[in-house]
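In what follows, a structure is listed as structure tokens, so that the remarks can point back to it.
The values are calculated or read from the model by the stated rules, or taken from the named source; none is laboratory data. Keep in mind that this is a model prediction, so the values were computed, not measured. Cβ coordinates were reconstructed from backbone atoms using ideal geometry, including for glycine residues, and neighbour counts include every protein chain displayed. We work out accessible area using only protein heavy atoms, side chains counted, and drop any ligands, DNA or RNA first. Shrake-Rupley method; radii C 1.70, N 1.55, O 1.52, S 1.80 Å.
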Amino acid sequence: MKRKNDKLELILLGVGILLLLLLFVVKRRLDAPEETATAESRTETMEGKKQEETIQNMEQENAAFLNSKKEEQKETTAAGPVQIRVLLTDCGKLGYAQKQVSLRGNASLSMNDGAYIASPQETICVTEQECGEVVHVVPADETAGTAVSLTGKPEDETVYPGSFVIYKSEEGLLVVNELDLEMYLRYVVPSEMPSSYEKEALKAQAVCARTYACARIREKTWENYHADVDDSVESQVYHNMEAQPETDAAVAETEGKIITCGGEPIQAYFFSTSCGKTSTDEVWNTAETAEYLKSVTVGGEKQEPETEEAFASFITKRDSTSLEVEDGWYRWQVTIPADVLSERAADQKIGEITGIEVRRRSEGGAAETVLIEGEKGSMEIEGEYQIRKFLSAKGWPIQKNDGTVSCEMELLPSACFIVVPEKEGETAVSFTFYGGGYGHGVGMSQNGAKHLAEQGKSYEEILRYFYQNIEIGDCRSLF
């Protein structure tokens, strides 16, 4: 019995073990879907987080890329070339409107987007009768140069860089040269200042010329002529001289640089020679003088002549400490017959001129109001330019400070003068003008700049000498 019982116990033990194994297997199978679902859920969560992080990273990278592109675009825009439109008048020799124009390119010329293409050296003629409203002429290479004649005659050709637009107006054909501002300056600077001047003076001139041009572009002064400036002294003389290596270097080394005050380009006036002092823009009867234009003593002893007697003493003497004391136009004198001046005033019906009196002067000494007295009445002339125009010395010898003589002045050299009549009895037979300086006298004296450069001053120091409360900025930020 004992052996049977033992055998039964073993059987029961084996069955129990089998049941336990079976229960374990069943439980594992029942738990497996839940574990798989949990694992899958965890995987999905991790993958979701990874995907979300990837999207976020991509968004951040794209945003950074777009921002960098915007900055690059800003930099590219800021650094891009500024274009200028120049109304051609052959430096003032011709009027604004022409009857016919000829163009002959060193490169092929495309008219009106390829409507006609002229081969190199082939001449295109445009007449007032045949011209459409607008004619565009674009060279294949704008740096190659195009010979333009504003009369249509080959002997009157001048070679210009850039492209051209010809507008038909009621007065005639308006010929506009469109080109890069820096290229334009290569032909302005040598036309306005001798290339033999000191390098820093040439650089100062380049910055003044660029500033002046930018101010005109922004003001749209010449918009009625589809231009920003003209090529004469009305704006700046353009292409009266060929580009020179020295002035090219001055333009290149100051690329983009302009003078600003309050964030805007100033009216960077300049002129040839001072009488020892500069004037402010009050010489043009401005309502309020610009804060950057002050009367400056150009190297000599500071003098403030408050009476006509004091000014007469100043203008008839040479100040040995003045920077320009040896320059030709520092002092000058000219005698003009009274009957010549009387003829100029004939339409005013004041009779023969008996006297000329300066009634008002600028801070720098320039005549602002002049009284012309005649036998039958009197008249007043206002403004520096109008005074110099009426008292033009053209055809009359002007004795210059350096002993030379000039007879080709359209205007009186400057408005800084005194006048002394020569009389026979009570009748004035002539008037002698004792003056100093050449030009309007406002802003930078070019000869003064030359002498400052000779003393070792930089172009920025020269500019700050003649203009006050200024900054040197970059014109490309304005357009």
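Of Lys220/Lys302; Lys153/Lys257; Lys400/Lys450; Lys394/Lys450; Lys302/Lys349; Lys389/Lys450, which ones are farther than 31 Å apart at the Cα?
On the way: Lys220/Lys302 39 Å; Lys153/Lys257 39 Å; Lys400/Lys450 19 Å; Lys394/Lys450 28 Å; Lys302/Lys349 42 Å; Lys389/Lys450 28 Å.
Table pairs above 31 Å Cα-Cα are Lys220/Lys302; Lys153/Lys257; Lys302/Lys349.
Students often forget the sequence filter, so: which aspartates and glutamates lie under 16 Å Cα-Cα from Lys423 once same-chain residues fewer than 8 apart are removed?
Asp339, Glu352, Glu357, Glu373, Glu375
Over region 313-436, with the other protein chains present, what is the accessible area per residue in square angstrom, probe 1.4 angstrom?
Details: 5800 Å² over 124 residues.
So region 313-436 comes to 47 Å² accessible per residue, rounded to a whole number.
Just the accessible area per residue of region 83-265, please: how many Å² with a 1.4 Å probe? Present the calculation step by step, with values, prior to reporting the outcome.
Working: 7610 Å² over 183 residues.
Roughly 42 Å² per residue, with all protein chains present.
Order 396-407, 355-366 from most to least packed using the mean count of other Cβ atoms within 10 Å. Before the final figure, lay out each step's value.
Numbers: 396-407: 14.2, 355-366: 19.8.
Per-residue Cβ counts within 10 Å, averaged per peptide and sorted highest first, yield 355-366, 396-407.
Would you kindly derive the ³J(HN,Hα) couplings of region 82-99 from the backbone phi angles with the Karplus curve 6.51 cos²θ - 1.76 cosθ + 1.60 (θ = phi - 60°), listing them in order in whole Hz, with x for Gly and Pro?
Values per residue, Gly and Pro as x: 8, 9, 9, 10, 10, 6, 8, 9, 6, 6, x, 5, 10, x, 6, 10, 10, 8 Hz.
For region 395-404, in order, what is each residue's ³J(HN,Hα) by Karplus, 6.51 cos²θ - 1.76 cosθ + 1.60 with θ = phi - 60°, in whole Hz (x at glycine and Pro)?
For region 395-404, the Karplus-derived couplings read x, 10, x, 9, 7, 9, 4, 8, x, 7 Hz, x marking Gly and Pro.
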